[in-house]
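**Q** The structure follows.
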Amino acid sequence: MASVCGSTMAMMDAGVPITALVSGVAMGMIYDDETGKYVVLSDIQAQEDFLGDLDFKVARTNKGITALQMDCKIKGLSMEVVGKVFEQAKESLAHIRAEMTRELSTSRPTLSQYAPFILSVSVPEAKMREVIGKGGETIQGIEREFGVEVNLADDGQCSVTAKNQASGQAAIDFIKRILKDDEVGDLMEGKVVKILEGVGAIVEWAKGKSGMLHISKIAKERVTNIEDFLKMGDIVQVKIITVDKEKGRVGLERIIAE
């Protein structure tokens, strides 16, 4: 049952907030058909398992049993034997948990940066098409850009699996920006995707979400040549100042650091 003990310790070390420490032990038995006598063995290994008449795996916390698995090689077991197995296993498991606790008694307070990261967000039916994109291009783009796996179920539950917290959170934040309705006063970071000479620039902050940064809102001073202040691909901080939902237009203002 090293797999139970080892996985418990691994999750605790990674900062997974499990509710209780779980230990596991494999119990066995040697049974004499003629006399009916038996001996219950604790922590059996391959040899005892092969020669014995019972393999009874027990996993538990200090409050109770969490898992059982039994292979019985004789015709049947009396409740007396089962009771003896549980009684002996309880003592063994308590000893194992005590040894585990000496190393780590509770989960670490923060999730390890190396731990796989899984987050989920609920996507309303009306927004599912935006998250998926034409032919799945939006989801595929998120997976490529952030190095994650995105699964969107029919009920709208969207899960993101990532190799680390940073990429997982970035992907979730991207999806949330797609879901969010644009409102005046919203602050966001976007990329300059188009420059319109003498007019302004188009800034995109999420797939399918962009707005017009008018030439008069690019800088505090008068702007005559936009490319003196902005280039294609630049990342800029902007604020929404107008929203025309009927025409699907958003007006932006660049946030200039003091």
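**Q** Condition (residue is of a type in the set (S, T, Y), free of Cβ contacts under 8 Å to residues at least 60 places away in the same chain and closer than 30 Å to F146 by Cα) applied to the range 7-22: is it met by at least one residue?
**A** Scanning the range 7-22, I find at least one residue that is of a type in the set (S, T, Y), free of Cβ contacts under 8 Å to residues at least 60 places away in the same chain and closer than 30 Å to F146 by Cα, so the answer is yes.
**Q** Here is a list: G190, G141. Which entry is under 25 Å from the mean Cα position of the chain (by Cα) and either part of a helix (DSSP H, G or I) or closer than 25 Å to S210 by Cβ (or both)?
**A** G141
**Q** Quick one: which of I96, I172 is in contact with a strand residue (DSSP E or B) (Cβ under 9 Å, 6 or more places away or on another chain), closer than 30 Å to G24 by Cα and not in a loop (DSSP other than H, G, I, E, B)?
**A** I96
**Q** Moving to a separate point now. Could you run through the range 202-233 and say how many residues are farther than 19 Å from A170 by Cβ, of a type in the set (D, E, K, R) and assigned to a loop (DSSP other than H, G, I, E, B)?
**A** 4
**Q** With respect to the numbered conditions (1) outside any loop (DSSP other than H, G, I, E, B); (2) farther than 30 Å from R129 by Cα, which one is the sole condition not fulfilled by A257?
**A** For A257, the failing item is (1).
**Q** Which condition from (1) under 30 Å from D182 (Cα atoms); (2) in contact (Cβ under 8 Å) with a residue 60 or more places away in the chain is the one that E125 breaks?
**A** Against the list (1) under 30 Å from D182 (Cα atoms); (2) in contact (Cβ under 8 Å) with a residue 60 or more places away in the chain, E125 comes up short only on (2).
**Q** Output the residue which, of all residues in the range 195-208 that are free of Cβ contacts under 8 Å to residues at least 40 places away in the same chain and over 15 Å from R254 (Cα atoms), is surrounded by the most Cβ atoms within 10 Å (Cβ to Cβ).
**A** Filtering first and then ranking leaves A206.
**Q** Shifting gears a bit: Filter the range 19-59 down to residues that are loosely packed, with under 14 Cβ neighbours inside 10 Å and within 30 Å of Q113 (Cα to Cα) and give me whichever is farthest from the chain's Cα centre (by Cα).
**A** In this case the residue turns out to be A20.
**Q** Kindly indicate whether any position in the range 58-80 is under 30 Å from G168 (Cα atoms) and in contact (Cβ under 8 Å) with a residue 40 or more places away in the chain.
**A** no
**Q** Then there's this: Only residues that are surrounded by 10 or more Cβ atoms within 10 Å (Cβ to Cβ) and either in a helix (DSSP H, G or I) or at pLDDT 90 or above (or both): list them for the range 106-119, please.
**A** T106, S107, R108
**Q** Yes or no: I172 out of contact with any helix residue (DSSP H, G or I) (no Cβ under 7 Å at 6 or more places or on another chain), surrounded by 16 or more Cβ atoms within 10 Å (Cβ to Cβ), outside the structural domain of I18 (by TED's automatic domain parsing) and of a type in the set (V, I, T)?
**A** yes
**Q** Still on this structure, I have one more. Are any of the residues in the range 82-101 under 30 Å from Q165 (Cβ atoms), among the aliphatic types (A, V, I, L, M), at pLDDT below 90 and within 35 Å of the chain's Cα centre (by Cα)?
**A** no
The values are calculated or read from the model by the stated rules, or taken from the named source; none is laboratory data. Everything numeric in this text was worked out from a predicted model, so none of it was measured. Heads up, the Cβs are rebuilt from the backbone with ideal geometry, glycines too, and the neighbour counts pull from every protein chain shown.
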